[in-house]
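The values are calculated or read from the model by the stated rules, or taken from the named source; none is laboratory data. Since we're looking at a predicted model, the values are computed, not measured. With ligands, DNA and RNA removed, areas are computed over all heavy atoms of the protein, side chains included. Shrake-Rupley method; radii C 1.70, N 1.55, O 1.52, S 1.80 Å.
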Amino acid sequence: MIDRLSPAQLRDVLVHEVAHLLRRDHVVVLLQNIVAAVFWPHPLVHCLNRNLTRPRKEVCDNYVLGATDRLTYSETLVRIAKLIPP
């Protein structure tokens, strides 16, 4: 996929992923997965995990929007979506 994205699109992807690293989201995701494994039969745990994931992604999207405009980033997201096999 890397060779099928423009340099600007690659930059958008990298800014988004680096934002996850800066925010230490990998630690939060690990904790969420541990809690989900320990309390797997409890439906509220799964609901809470879903409700935490979306805002985490939106915050990292906002990092990208600080570096580029909405139209450019939306084109990047559409391009990536088209490259993902069905």
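At a glance:
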read-out	value
Solvent-accessible ranking of Asp69, Asp3, Asp61, largest area first, probe 1.4 Å	Asp3, Asp69, Asp61
Per-residue ³J(HN,Hα) for the stretch 57-64, Karplus 6.51 cos²θ - 1.76 cosθ + 1.60, θ = phi - 60°, Hz, x for Gly and Pro	5, 5, 4, 5, 4, 5, 4, 5
Longest to shortest principal axis, alpha-carbon extents of the chain, angstrom	43, 30, 20
Solvent-accessible area per residue, Å², over the chain with all protein chains present [probe radius 1.4 Å]	75 Å²
Share of carbon and sulfur in the accessible heavy-atom surface of the chain [1.4 Å probe, %]	67 percent
Nearest-ten-degree value, helix 70-83 long axis tilted from longest Cα axis of the chain	80 degrees
